[in-house]
Amino acid sequence: MDQIGLINKIVFGVSNIDVGRKGLAADGDEHEGRIFYEKGIFGVAEAFQEAQTSADPQTMILAELAFLQQELQFCDETDADTKNSLTQAIQSFEDALRCLKTVEDTIGYRFAETTHPTASKYRIQGFPKDAFHLACIAHRTRLRNSLRTPGINMREKAVLYQRAANMTTAQGSYIEKQKKVLA
């Protein structure tokens, strides 16, 4: 699937999840809410699986970024903690996309690599732990923390597990790009 189609699937999925959650919370709308919620969960699960199958780090980051932007749009105005977390995650993924552009520039990335300390805590498999890696690591932690929340149904947990797996796959694909440019 192309990136635009994938992002559309995520946007519609998150929208359906939001409509579904609101329906589940309203008397008389529970059945319709359940239908929207299930349709949304199924749609985003499918989209995140397709993103991982692509093994393209940009596709996986764009999918996650679209999901987070939609969640922020539907976030309750009074939920400052969630809004701050989503805003921070969005910023880190925008930084990760900048890294993807840089790693495609062989000469530029070789120079950029020298700005990272060589100590192991600043490296992943010997490569710079740059904004791309930091975004994936932080987001995987955020997703794992969400998985510990009681009351999340198993379908939603499956999506969270898939999203965390996508971060691992994206990092692996990114390391391959780093290897190629720094060889």
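Residues in region 24-66 that are open to solvent by less than 40 Å² (accessible area, probe 1.4 Å) and more than 26 Å from Thr87 (Cα to Cα): 2 in all.
Checking Asn84, Asn153, Asn166 one by one, the residue that is under 15 Å from Leu68 (Cβ atoms), loosely packed, with under 12 Cβ neighbours inside 10 Å and not aliphatic (A, V, I, L, M) is Asn84 and no other.
Within region 129-158, no residue that is outside any loop (DSSP other than H, G, I, E, B) sits with its Cβ atom under 7 Å from a residue that is small (Gly, Ala, Ser) and open to solvent by 70 Å² or more (accessible area, probe 1.4 Å) at 6+ positions apart or across chains. Considering (1) open to solvent by 100 Å² or more (accessible area, probe 1.4 Å); (2) within 23 Å of Phe48 (Cβ to Cβ), the lone condition that Ile107 does not fulfil carries the number (2). Scanning region 122-139 for residues that are farther than 17 Å from Ala89 by Cα and either modelled with pLDDT under 95 or not charged (D, E, K, R) (or both) yields a total of 6.
The values are calculated or read from the model by the stated rules, or taken from the named source; none is laboratory data. These numbers were taken from a predicted model, which means no experiment stands behind them. Quick reminder, even Gly has a Cβ in these numbers, built from the backbone with ideal geometry, and neighbours come from all protein chains shown. Surface accessibility is based on the protein's heavy atoms, side chains included, excluding ligands, DNA and RNA. Shrake-Rupley method; radii C 1.70, N 1.55, O 1.52, S 1.80 Å.
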